[in-house]
Amino acid sequence: MGILIDRVVLRRIRMPLVHFFETSFGRTYERQMVLVEVSSGGLSGWGEVTAGENPFYNEEWTDSAWAIVRDYAAPRVLNFELGSAEEVNARTAHIRGHNMARGGLEAAVWDLQARRNGRPLWAEIGGGARREIPCGVSIGIQNTVDDLLRKIETEVNDGYQRIKIKIKPGWDVETIRQVRKRFPSILLMADANSAYTLADAPLLKALDEFGLMMIEQPLAHDEIIDHAELQAQLSTPICLDECIRSAHQAAQAIRMGAGRIVNIKLGRVGGFGEAKRVHDVCHAAGIPVWCGGMLEAGIGRAHNIALATLPNFVLPGDVSASKRYWKKDIVEPWVETTPRGTIEIRDAPGFGYEIDRAFLDSITVSKEELR
Ligand code: OSB
Ligand code: MG
């Protein structure tokens, strides 16, 4: 029996971060995200669009996501008999780019399908390779190195398995040197969010001495060839984030030797269908993957947890406790970690957490129902 979506509700919510998050492309104090609720015969599934507030990580942002889902993606699934959630990707594949908007809708249909089948989302997508997922944290650029060292200490004491720090020109070699001096043996990595070019190869090569697990997306957001040239010069593994938007690009990057690790983000690749294909391409090539994050609220976070139960998600990801981001999350219970630095998966149908409706309504700034 197929799925007939008879209603889509878009919601824009605002959530202040407990601490600003700074990357090489800017500082964020407050998230504004689009939630997608899809319904079929009174049963709902939920998705969270992972686009940022500005088109700086990729081309998408909150307003573009709203317009894409409302005007282009949702009309392709509304009142159409889908064989399964697997078909949503192809139904919206005529849209160029805007994977996060497409992915927010697609993930909602997967959640709905899981609920209809009475299964947890992790089972619905073919995951379940582990009962708890290994967690790391991503720590933004701080005002001072002392602030950074204090933050790292807090997270290490909380049990997180690896620490990622954001870098940019001027906050790189010397910052990492001080982190390493203070924390000689933690699993440490750096994420540049495309802040460098091949001309910076000597600087990036200087990071080799710090024994980083990986350096994430040092070069341009859409660049694979330059990453291959850089990887040939570094002993530190390169992890690709921004430039892998499809399984095809993952296969090309691996063939070229552009990196040795891939960060998979559900939104960046357009949802669970493509995320599974990226996972499979990497798995077959012996490339380990981990689950990236986009400062998600509870729904997106729960979807990431499900994704990270696929077998090749063997490295600690950027999925961590709700309280690191929010005074209060939109799900109950909040996402929490164990003292082992893991998140335990839940067995309730769908994404496994309850939505706090009253709180959600209180932070909703606009809402639109499509039929
Ligand atoms: O590159 O992984 C990234 C946040 C916003 C945009 C890009 C990135 C990030 C993170 C945060 O690193 C991960 C998280 O804690 O959600
Ligand atoms: Mg990244």
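Given a cut-off of 30 Å, name the pairs among Lys327/Lys367; Lys205/Lys327; Lys205/Lys328; Lys181/Lys327 whose C-alpha atoms lie farther apart than that in the structure shown.
Lys205/Lys327; Lys205/Lys328; Lys181/Lys327
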Quiz prompt | Given charges at Cβ of Lys, Arg, Asp, Glu: the stretch 1-120 dipole, positive-most of Ala67, Ala85, Leu112 | solution = Leu112
Quiz item: So for Thr175, Thr144, what's the accessible-area order with a 1.4 Å probe, most first?
Solution: Thr144, Thr175
Quiz item: Hey, which lysines would be in cross-link range of Lys265, C-alpha to C-alpha under 20 Å, not counting anything within fewer than 8 residues on its own chain?
Solution: Lys164, Lys166, Lys276
Practice problem: Compute the Rg/Rh shape ratio of the chain: radius of gyration over Kirkwood radius, all on alpha-carbon atoms. | Solution: 0.95
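Quote the charge dipole size of the chain about the Cα centre in Debye, to the nearest 20; the model charges only the Cβ of Lys and Arg (+1) and of Asp and Glu (-1).
Working: 44 positive and 49 negative charges, 86 e Å.
Here the chain has a charge dipole of around 420 debye.
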Quiz item: Ranked from the most accessible area to the least, with a 1.4 Å probe and all protein chains present, what is the order of Asp356, Asp222?
Solution: Asp222, Asp356
Quiz item: What ranking of Asp63, Asp329 comes out by heavy-atom accessible area, probe 1.4 Å, highest first?
Solution: Asp63, Asp329
Exercise. Starting from the alpha-carbon convex hull of the stretch 252-310, give the projected area averaged over all orientations, in nm².
Key: 3.9
Practice problem: Run the 1.4 Å probe and let me know the accessible area of Glu332, rounded to the nearest 10 Å². | Solution: 90
Quiz prompt | the stretch 230-296-the stretch 1-68 distance, computed between alpha-carbon centres (Å) | solution = 22
Quiz item: Which of the trypsin sites (Lys or Arg not before Pro) found in the stretch 86-129 are loop residues per DSSP with 14 or fewer other Cβ atoms within 10 Å of their Cβ?
Solution: Arg96
Quiz item: With every protein chain present, what is the per residue accessible area of the chain (1.4 Å probe, Å²)?
Solution: 38
Quiz item: When the accessible area of the chain is split by element with a 1.4 Å probe, what percent falls to carbon and sulfur?
Solution: 51
Quiz prompt | Three-way shape label, the stretch 123-344, alpha-carbon gyration tensor, a/c 1.5 | solution = oblate
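The values are calculated or read from the model by the stated rules, or taken from the named source; none is laboratory data. Being a predicted model, the structure only gives us computed values, none of them experimental. Glycine gets a Cβ as well: all are built from the backbone with ideal geometry, and neighbour counts include every protein chain shown. These accessible areas exclude ligands, DNA and RNA; they are computed on the full protein's heavy atoms, side chains included. Shrake-Rupley method; radii C 1.70, N 1.55, O 1.52, S 1.80 Å.
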